[in-house]
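A.B. asks: The structure is given below, and queries will be raised subsequently.
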Amino acid sequence: MTLSQARIFYRLISHHQHLHAHRHPMFEKNMFVKAFSYIFIGFWAVYLMMLGFFVYEMFSQSAIEAFDVVDGYMIFLLAIDFFLRFGMQETPAQDVHSYKLMPIPIRFLLDVFLVRMGLSIYNFFWFFFLLPFGLLAVVKFYGFVGLLSYLLGWWLLFVINSMWYLICRTFVNRNVYFLIVPILIYAALIYMGLFYDSSHAWLFDVGVWIGRLFVERNPLMYVITFALIVPLYAINRKLQYISVYTEISRKDRVHKYKSQHYALLNRLGTIGEYLKIEIRSIIRNSVVRKQFLSGFYCMLAFCIIFAFTGVYDDMPMMKIYICVYCFSCLSIMTLTVVLCAEGNYIDGLMARKESILSLLKAKYYFNCFMMIVPFLITLFPIVKGKLTIAEALGCAFFTSGVVMPFLFQLAAYNDSAINLNARITKSGRSTKTQIIFSSFALFLPMFIMYTMVTLLGEDIAAVCMISIGIIGTILHPLWLRNIYHRFMRRRYTIMDGFRNSR
């Protein structure tokens, strides 16, 4: 293939990817969501710009230059960038799969998608932070040419980070336990390089040295970065070539789960069968699994921060709100798209009388069962005296009796199926109703608890939360049946929406 042909194919595939994003069957229906997404991205862009000015002011009076401090701690920025990519970027094997039957060499397609990943706009997102910071910290010493070289160096670091992420993501797609490897690597680097020997933080010195190479336009910078990019690119090319055929067959994954019968759930009858479907859907389907794991990790992170740090000890209202959020985080991330996964096979569910009601009950019981995890972790602040058992129970029952019933209302409105095997950002666009409900689920508990804590005090507010939550939990057969009847009244509209969005 000649260079001109390669250039034509690159532009054509880029055009296909652009059309793919705009030809989604729900695109016109979700113009509100598109506008909301731009507003959300704009908010974070402004936030990062303000953070750049703030960081400069924080370190402007330090013993070393401000940009040396940021470069010294670059491992933190690279680690955050690495883990944020799990919700933003998928492996090229998913995209190449669509072109498998066309007379285009697979290796060329992989080259195209790997190059596109390196030139992805996401690799420039952190420039909203680095550009204002560099204008204040770098320009006065090295001028605008030094600033451009500084930004170029950071871009190369993000490209290396994207290649490293792609290797890890390929293995994580095969088995989620591989995620432990990058976590341990970053944790070991941060601990051994910055905190193990406080008198000699070698990782900080390495970061400062690399940053100096950037701003001083030292040729060694390019030698080092390209010496890392080239082997990482070659490894990714080989891994993705293997993954293309793995994505097509998936024989190992089908065989792996055939032996799982969940005999204990057989005693629960129909609801037990739907609990099996819920568990198997999380295990087998890529998007459902990622949503569950994202919610679970967020829940775990908030619980650990709440239990083992004193961040919220002096803020009574925020302490209770964060406690509630620890319990409800998983539900907010998974129940916002309640029944959207089942929208791919909704016709089969509708063939049986009241199967939707049994499915809703199974989802409710499963989410209630998952609250055992945050409750066990909150035992640590209870033992330390930072939280009372009444407050922990109040947060748990408030979630099961107020937050979950509120989110389950979306079952009567969701009519957009999600792609079970795409990445989360391509699986389907959120609707206006989902955004409104999830926003209320995040902020309404804060308003309610602020009012109760202000008027009644922490102890009485905890008792009120327990009472309200128990009432909502006990009455779950009533409000679930109400949701079921409303779903049935709109079933033809909902089923038509699911079919159109598959």
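The values are calculated or read from the model by the stated rules, or taken from the named source; none is laboratory data. All values reported here derive from a predicted model rather than from experimental measurement. Every residue, glycine among them, receives a Cβ derived from its backbone with ideal geometry; neighbour counts consider all protein chains shown. Accessible surface is based on the protein model in full, side chains and every heavy atom, while ligands, DNA and RNA are left aside. Shrake-Rupley method; radii C 1.70, N 1.55, O 1.52, S 1.80 Å.
A.B. asks: Using 21 Å as the Cα-Cα cut-off, could you pick out the over-long pairs in Lys290/Lys363; Lys363/Lys386; Lys319/Lys384; Lys290/Lys386; Lys319/Lys361?
C.D. replies: Correct reply: Lys363/Lys386; Lys290/Lys386; Lys319/Lys361.
A.B. asks: So if the hydrodynamic radius of the range 264-501 is defined as the Kirkwood radius over C-alpha pairs, what does Stokes-Einstein give as its diffusion coefficient at 20 °C and 1.002 mPa s, in µm² per second?
C.D. replies: 116
A.B. asks: Using the beta-carbon distance between Met495 and Leu264 and R0 = 30 Å, what value does 1/(1 + (r/R0)^6) give for FRET efficiency, to the nearest 0.05?
C.D. replies: 0.35
A.B. asks: Taking the Cα atoms of the range 287-411, what is the range of coordinates along each of the three principal axes, in descending order and whole Å?
C.D. replies: That works out to 54, 26, 20 Å along the principal axes.
A.B. asks: To continue, here is another question. Describe numerically, in nm with one decimal, the distance between label points set 7 Å from Cα along Cα→Cβ at Arg7 and at Ile389.
C.D. replies: Reported label-point gap for Arg7 and Ile389 is 7.5 nm.
A.B. asks: Normalising by the residue count of the range 264-501, find the relative contact order in percent from Cα pairs under 8 Å and 6+ residues apart.
C.D. replies: 29 percent.
A.B. asks: Quick check for you: with a 1.4 Å probe and neighbouring chains kept, what is the accessible area per residue of the range 264-501, in Å²?
C.D. replies: For the range 264-501, the per-residue accessible area is 44 Å².
A.B. asks: Ordered by packing density, taken as the mean number of other Cβ atoms within 10 Å over each peptide's residues, highest first, how do 57-63, 128-134 rank?
C.D. replies: 128-134, 57-63
A.B. asks: Ok, one more. Given charges of +1 on the Cβ of Lys and Arg and -1 on the Cβ of Asp and Glu, with all other atoms neutral, how large is the dipole of the range 161-239 about its Cα centre, in debye to the nearest 20?
C.D. replies: Rounded to the nearest 20 debye, it is 440 debye.
A.B. asks: What is the extension gain from Asn175 to Thr451, computed as 0.36 nm multiplied by their sequence separation minus the C-alpha to C-alpha distance, in nm to one decimal?
C.D. replies: 94.8 nm
A.B. asks: Run the accessible area of the range 264-501 with a 1.4 Å probe and give the carbon-and-sulfur part as a rounded percent.
C.D. replies: That fraction is 67 percent.
A.B. asks: Would you mind calculating the gained length between Leu379 and Leu184 on full extension (0.36 nm times residue separation, minus the Cα-Cα distance), in nm to one decimal?
C.D. replies: Length difference between fully extended and current span is 67.6 nm.
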